[in-house]
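Student: Encoded as structure tokens, here's the structure I'll be asking about.
The values are calculated or read from the model by the stated rules, or taken from the named source; none is laboratory data. As the structure is a prediction and not an experimental result, all values here were calculated from the model. No Cβ is skipped: glycine too gets one built from the backbone with ideal geometry, and neighbour counts run over all protein chains shown.
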Amino acid sequence: MINSCTRLCCLIGHPVKHSVSPQMHNTAFRELGLNYVYLAFDVKEEELEDAVKGLRTLGVAGFNITIPHKIRIMQLLNKLDPSAERAGAVNTVVNERGALKGYNTDVYGIERALRRFRLPSSEQAMIIGAGGAARASIIALLNLGFEKILIANRTLKKAQSLADWIKSMGFSADACSLEEGRRRAEGCKLVVNATPIGMHPNVDETPLSRDEIPSDSIILDLVYNPPRTKLLEEAEKAGARVISGIEVLVYQGAEAFKLWTGREAPIEIMREAALRALQEGEAER
Ligand code: NAP
């Protein structure tokens with residue numbers, strides 16, 4: 001029951017109305033009998049500073065940040081965890097008695113989702129995309145021992161700048177266009193799609209087709225709506241092992257849950273709640 005002691009967690013982003021994080025976290029709070037509630041607030045870029053001030057003043061337990069605020073939020077916080085510092089982006093904030101500390105639990109979510117397989121870390125990995133999720137993927141792959149990363153992106157300049165960033169950390173990197181990436185995928189044993197290609201409503205799109213995907217590769221699609229994307233279907237047909245973005249969503253959420261509540265998150269319950277919310281959203285459309 002919501003009462004005067006209920007702690008608030010929330011999501012801020014623009015837009016937020018398709019997020020399933022409220023269903024995922026509220027189901028987990030109920031499961032553990034925690035007096036917390038999670039809401040989603042649509043906050044435009046010019047409103048971010050006021051929103052963060054308000055959340056600090058109101059004493060929220062913490063919040064998630066999504067597009068387009070993951071980088072700008074960093075200037076508005078008091079402290080950064082090394083996960084956020086390294087990735088150069090924040091997706092989770094914890095309110096430590098008025099001091100706001102930023103974390104990047106996307107990095108943890110990607111690492112945790114990939115750890116279920118024995119990883120070919122001595123081989124080249126490819127990341128498709130060069131935005132915030134690509135940055136989190138790079139840190140996760142470096143943490144997992146990968147040393148050679150190819151970045152394929154629609155805007156080549158952005159891919160080159162991420163490749164330079166990887167090289168500045170002492171690793172090997174290369175950059176190419178999406179078209180070239182299609183040809184070079186055969187030399188990569190791990191591919192992460194960090195673009196919205198294939199996301200609802202464009203469910204027939206895929207960054208790679210069956211004949212471009214090596215049979216002995218692992219394919220992680222960060223897109224989670226739908227949970228089984230065209231890319232994952234093509235990868236399965238090619239004989240590759242696949243991981244849905246739903247796993248990353250759940251693990252990044254579970255880590256945020258633990259940071260806010262100090263309790264281990266009920267992972268299965270969160271996965272079910274997220275999948276149910278996606279299905280219900282589908283039914284409403
Ligand atoms: P972002 O910072 O806006 O970056 C988007 C990237 O995708 C850019 O590299 C962009 O290329 C590329 N892109 C966008 N539309 C494209 C199109 N139509 N064709 C080809 N490339 C396109 O976004 P982000 O935060 O990195 O998120 C990327 C995806 O990851 C989203 O779908 C997001 O939902 C997903 N994600 C999932 C999780 C999870 O928990 N599963 C977590 C984080 C993100 P340009 O550089 O050319 O603009």
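Student: Of the residues that sit in the stretch 137-160 and are touching a strand residue (DSSP E or B) at 6+ places or on another chain (Cβ under 8 Å) and among the small types (Gly, Ala, Ser), which one is nearest to Asp221 (Cα to Cα)?
Tutor: Ser137
Student: Pick from Leu231, Leu278: which is in contact with a Pro (Cβ under 9 Å, 6 or more places away or on another chain), without any contact (Cβ under 8 Å) to a residue 60 or more places away in the chain and in a helix (DSSP H, G or I)?
Tutor: Leu231
Student: Say we look at the stretch 138-160 and pick out the residues that are part of a helix (DSSP H, G or I) and among the charged types (D, E, K, R); which of these is surrounded by the most Cβ atoms within 10 Å (Cβ to Cβ)?
Tutor: By that ranking, first place goes to Lys158.
Student: Pairs, please: C-beta under 6 Å, at least 6 apart or cross-chain, first residue closer than 24 Å to Val52 by Cα and in the stretch 102-118, second β-branched (Val, Ile, Thr) and assigned to a helix (DSSP H, G or I)?
Tutor: Close Cβ pairs (under 6 Å, with a partner that is β-branched (Val, Ile, Thr) and assigned to a helix (DSSP H, G or I)) amount to Val107/Ile139.
Student: With (1) farther than 23 Å from Ile65 by Cβ; (2) within 16 Å of the ligand (Cβ to nearest atom) as the list, and Leu144 as the residue in question, which single condition is left unmet?
Tutor: The single condition Leu144 does not satisfy is (2).
Student: Out of the stretch 223-233, which residues are within 16 Å of the ligand (Cβ to nearest atom) and surrounded by fewer than 24 Cβ atoms within 10 Å (Cβ to Cβ)?
Tutor: Tyr224, Asn225, Pro226, Pro227, Arg228, Lys230, Leu232
Student: With the requirement that a residue be exposed (fewer than 14 other Cβ atoms within 10 Å of the Cβ), touching a residue at least 24 places away in the same chain (Cβ under 8 Å) and outside any loop (DSSP other than H, G, I, E, B), what does the stretch 164-185 give you?
Tutor: Listed by number, the residues that qualify are Ser172, Arg183.
Student: In the stretch 234-275, how many are away from the ligand (no atom under 16 Å from the Cβ), under 22 Å from Lys17 (Cα atoms) and in a loop (DSSP other than H, G, I, E, B)?
Tutor: Residues in the stretch 234-275 being away from the ligand (no atom under 16 Å from the Cβ), under 22 Å from Lys17 (Cα atoms) and in a loop (DSSP other than H, G, I, E, B): 0 in total.
Student: When Glu123 is evaluated against the numbered criteria (1) under 21 Å from the mean Cα position of the chain (by Cα); (2) in contact (Cβ under 8 Å) with a residue 60 or more places away in the chain, which criterion, by number, is the only one it fails?
Tutor: (1)
Residue-by-condition table, conditions (1) part of a helix (DSSP H, G or I); (2) of a type in the set (A, V, I, L, M); (3) under 30 Å from Glu280 (Cβ atoms):
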residue	(1), (2), (3)
Leu162	yes, yes, no
Val192	no, yes, yes
Val203	no, yes, yes
Pro227	no, no, yes
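Student: Picking from Asp204, Asp221, which residue would you name as being within 21 Å of Ile110 (Cβ to Cβ) and either in the same structural domain as Leu275 (by TED's automatic domain parsing) or of a type outside the set (A, V, I, L, M, F, W, C) (or both)?
Tutor: Matching residue, one of Asp204, Asp221: Asp221.
Student: Among what's in the stretch 205-222 and is among the acidic types (Asp, Glu) and in a loop (DSSP other than H, G, I, E, B), pick the residue that is surrounded by the fewest Cβ atoms within 10 Å (Cβ to Cβ).
Tutor: Step by step, filter the stretch 205-222, then rank; the result is Asp216.
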